[in-house]
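Have a look at the structure below before the remarks.
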């Protein structure tokens, strides 16, 4: 049983099998789709004019960026760009000022998503190094060599989970929110829900029957043997890449990019 | 074969506005504050042709759903599918429906204030309205009359030569001065008492000032708010150049609508870009003079203590749009005998009175309901007087008062000052005496 976990980090493969290769290809496709989509969106925004009353710019990405940057660094803003970045984007005080519940929901989703993204990229890099023969560990490499990352990965997984549950609960129990919800909103929330659930399940399956299993991971494993760990991890990775990367420019995930830019362009502030 | 044009084009939107439309997180905060939506949800007002709306349909009048509607329509014209297969046509009725929803807005800007994404909604609504006018979908209702009225250079189709007919003979208007008082159409022709009070106060405080007289053309607020920009550039350039000819360094306003338009909108149209003079609300100007010692409280020479409970309605234009909150309050604090009390919603979270954004002309019954709601706010704090720095708010709130059983009265800030200073507010005989509001 344990040998299935012996030489991989992401949970995707043993001995360079198909799953890691599939994930690698999917990763490239997702990144290309994401960057291509962002360029496409910038082109769409670039159909606007460079200023009030001026002619449209026929989809000029350069024109869009030029106006955006001039607005972001406009000296008329009451606070600096760094303050806006920290207070209004990373801490999200504009949301906090209006609703504590909504702030808890959003800040947990925001930081949960970001940290899981960062850790996933880190683990991916370690795995690449391992496959290239630059880095190698005999025992379960992730748990043994990166215990802090493993712990934080779980913690931020639950942080994200809490945020998603609040988002779902708001739509279930608050009439105005429920009635105002559309597929545009649901795609994002349920996408995150599926990602976080499959993440926990794939981790549970991976540890099932091993010395690393806990009551919680056993619960999430749904009783599935860890021989199913690679396909479970692959499923989680593929949908994560689709929802959290490839679909960003084409769904409500676009607000990950557009909202901070809007806040920066207007100089933030309470 | 020629490619079809998108049903909703990006014309008049800036690149940043198109980004902002995608930045809406649909958090729904704006629903808690939009004063128009409040009236529609409470069914004190029903938009024309929308009788029997469900709760969900009412939400189409929320800022959130307006942005969503725009995003969906723009994506049908400029999204990935549109690029591959051509723009998807949207039934004209759907575009007109969205247009009507966007014209049911006073452009008060509270949705922007509370927006978690910092979206400048007011300017987006105005860009959409301009786009609608360009495509002959807008404006709305009686707003269409503004352009014709402005052939006379003021919104009342009055004789421009009468611009100063209300000024008392003993008021000295300098030919040239550092300071100019921009009266605005309403104070010049329909609320001359505000103009008289302002000029009396300025003279009593020994502040030399000039006025443009017949050369003062409408500030074009009504055109900009409703998307009818044909005359805007000509009017703005005329006014700015007239100020330059007078050697003006600071232009002061007792009209919030003119103040906002001059401060925020004129630089967009003025051929020279940034204005070569400063734009200040009169309370801001007095606040500055008090700060730098040019004026002191004793200069006001109070004669008549007010002995009334006064509450101040922050106009959307001078308040939320220009961020002037403390200066007008400083003036009221000085008035002897005035017991100043704040309403529950003030400053940046103030409740709009309903006059702006072309609503007073286009959807007057909505404006009236909103005004009544604001008067009720004043009643809740047992105010005797509701006051403001905007003749247009004054007109609408007075309509609200007249439609209610209430003892509250309205007084403009300059009227309160002038009365407390014992200044004569008698209007000189003029052709517009009978038309005063």
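Just checking, which of B:11, B:101 is surrounded by fewer than 18 Cβ atoms within 10 Å (Cβ to Cβ) and under 17 Å from residue B:227 (Cβ atoms)?
Criteria check complete, one pass: B:11.
So that you can scan it fast, the table gives a plain yes or no per residue for (1) in contact with a helix residue (DSSP H, G or I) (Cβ under 6 Å, 6 or more places away or on another chain); (2) farther than 15 Å from residue B:187 by Cβ:
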position	(1), (2)
B:358	yes, yes
B:364	no, yes
B:373	no, yes
B:382	no, yes
B:390	yes, no
B:399	yes, yes
B:410	yes, no
B:420	no, yes
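Return yes when residue B:68 is closer than 30 Å to residue A:48 by Cβ, in contact with a helix residue (DSSP H, G or I) (Cβ under 9 Å, 6 or more places away or on another chain) and either buried (at least 21 other Cβ atoms within 10 Å of the Cβ) or in the same structural domain as residue B:112 (by TED's automatic domain parsing) (or both) and no when it is not.
For residue B:68, the condition - closer than 30 Å to residue A:48 by Cβ, in contact with a helix residue (DSSP H, G or I) (Cβ under 9 Å, 6 or more places away or on another chain) and either buried (at least 21 other Cβ atoms within 10 Å of the Cβ) or in the same structural domain as residue B:112 (by TED's automatic domain parsing) (or both) - is met.
Touching a residue at least 40 places away in the same chain (Cβ under 8 Å) and either out of contact with any helix residue (DSSP H, G or I) (no Cβ under 6 Å at 6 or more places or on another chain) or surrounded by fewer than 21 Cβ atoms within 10 Å (Cβ to Cβ) (or both): which single residue out of B:213, B:227, B:195 fits that description?
On inspection, the qualifying residue turns out to be B:213.
Just for the range A:255-266: of the residues that are more than 8 Å from chain B (Cβ to nearest Cβ) and under 14 Å from residue A:87 (Cα atoms), which one is farthest from the chain's Cα centre (by Cα)?
A:264
Run down B:117, B:158, B:177 and say which single residue is modelled with pLDDT of 90 or more and surrounded by 22 or more Cβ atoms within 10 Å (Cβ to Cβ).
B:117
Out of B:24, B:30, which single residue is under 23 Å from the mean Cα position of the chain (by Cα) and in contact (Cβ under 8 Å) with a residue 12 or more places away in the chain?
So the residue among B:24, B:30 that is under 23 Å from the mean Cα position of the chain (by Cα) and in contact (Cβ under 8 Å) with a residue 12 or more places away in the chain is B:30.
Could you look through the range A:28-38, keep only residues that are touching a helix residue (DSSP H, G or I) at 6+ places or on another chain (Cβ under 6 Å) and either without any contact (Cβ under 8 Å) to a residue 12 or more places away in the chain or more than 9 Å from chain B (Cβ to nearest Cβ) (or both), and pick out the one that is farthest from residue A:250 (Cα to Cα)?
A:30
With the condition kept exactly as written, say whether any residue in the range B:307-325 is under 20 Å from residue B:419 (Cα atoms) and outside the structural domain of residue B:366 (by TED's automatic domain parsing).
Within the range B:307-325, none of the residues are under 20 Å from residue B:419 (Cα atoms) and outside the structural domain of residue B:366 (by TED's automatic domain parsing).
Could you please find all residues in the range B:166-205 being under 20 Å from residue B:279 (Cα atoms), part of a loop (DSSP other than H, G, I, E, B) and over 23 Å from the mean Cα position of the chain (by Cα)?
B:173, B:175, B:176, B:177, B:178, B:205
Is there a residue in the range B:211-232 that is outside any loop (DSSP other than H, G, I, E, B), under 19 Å from residue B:173 (Cβ atoms), touching a strand residue (DSSP E or B) at 6+ places or on another chain (Cβ under 6 Å) and at pLDDT 95 or above?
Checking the range B:211-232: not a single residue is outside any loop (DSSP other than H, G, I, E, B), under 19 Å from residue B:173 (Cβ atoms), touching a strand residue (DSSP E or B) at 6+ places or on another chain (Cβ under 6 Å) and at pLDDT 95 or above.
Given the conditions (1) in contact (Cβ under 8 Å) with a residue 40 or more places away in the chain; (2) assigned to a loop (DSSP other than H, G, I, E, B), which single one is not true for residue B:43?
In the conditions (1) in contact (Cβ under 8 Å) with a residue 40 or more places away in the chain; (2) assigned to a loop (DSSP other than H, G, I, E, B), residue B:43 misses (1) alone.
Out of A:233, A:213, I need the residue that is crowded, with 16+ Cβ neighbours inside 10 Å and touching a helix residue (DSSP H, G or I) at 6+ places or on another chain (Cβ under 8 Å). Which one?
Step by step, each of A:233, A:213 is checked, and only A:233 is crowded, with 16+ Cβ neighbours inside 10 Å and touching a helix residue (DSSP H, G or I) at 6+ places or on another chain (Cβ under 8 Å).
Quick one: which of B:29, B:11, B:39, B:20 is over 30 Å from residue A:63 (Cβ atoms), within 12 Å of chain A (Cβ to nearest Cβ) and touching a helix residue (DSSP H, G or I) at 6+ places or on another chain (Cβ under 7 Å)?
Going through B:29, B:11, B:39, B:20 in turn, the sole match is B:29.
Which one of these does residue B:116 not meet: (1) touching a helix residue (DSSP H, G or I) at 6+ places or on another chain (Cβ under 7 Å); (2) more than 25 Å from residue A:44 (Cα to Cα)?
(2)
Being closer than 30 Å to residue B:57 by Cβ and free of Cβ contacts under 8 Å to residues at least 12 places away in the same chain is true for just one of A:187, A:193, A:173. Which residue is that?
From the options A:187, A:193, A:173, the qualifying one is A:173.
Could you check residue A:160 against (1) more than 11 Å from chain B (Cβ to nearest Cβ); (2) part of a helix (DSSP H, G or I); (3) without any contact (Cβ under 8 Å) to a residue 24 or more places away in the chain and say which number it fails?
Going through the list (1) more than 11 Å from chain B (Cβ to nearest Cβ); (2) part of a helix (DSSP H, G or I); (3) without any contact (Cβ under 8 Å) to a residue 24 or more places away in the chain, residue A:160 breaks only (3).
Quick one: which of B:53, B:59 is at pLDDT below 95, within 14 Å of chain A (Cβ to nearest Cβ) and within 27 Å of the chain's Cα centre (by Cα)?
Sole residue among the options that is at pLDDT below 95, within 14 Å of chain A (Cβ to nearest Cβ) and within 27 Å of the chain's Cα centre (by Cα): B:59.
Mind listing whichever residues of the range B:17-44 are crowded, with 23+ Cβ neighbours inside 10 Å and more than 22 Å from residue B:106 (Cα to Cα)?
B:19, B:22, B:23
Quick one: residue B:396 ticks every box in (1) crowded, with 19+ Cβ neighbours inside 10 Å; (2) farther than 27 Å from residue B:196 by Cα; (3) out of contact with any strand residue (DSSP E or B) (no Cβ under 9 Å at 6 or more places or on another chain) bar one, so which box is it?
Just one mismatch for residue B:396, condition (2).
Would you check which residues across the range A:39-58 are surrounded by 15 or more Cβ atoms within 10 Å (Cβ to Cβ) and more than 8 Å from chain B (Cβ to nearest Cβ) and list them?
Within the range A:39-58, A:42, A:43 qualify.
Of everything in the range B:75-90 that's touching a residue at least 12 places away in the same chain (Cβ under 8 Å) and more than 19 Å from residue A:42 (Cα to Cα), which residue is nearest to the other protein chains (Cβ to nearest Cβ)?
B:88
The values are calculated or read from the model by the stated rules, or taken from the named source; none is laboratory data. The structure presented is a predicted model; accordingly, all values stated were derived computationally and were not measured. Cβ atoms come from the backbone with ideal geometry, glycine included; neighbour counts cover every protein chain shown.
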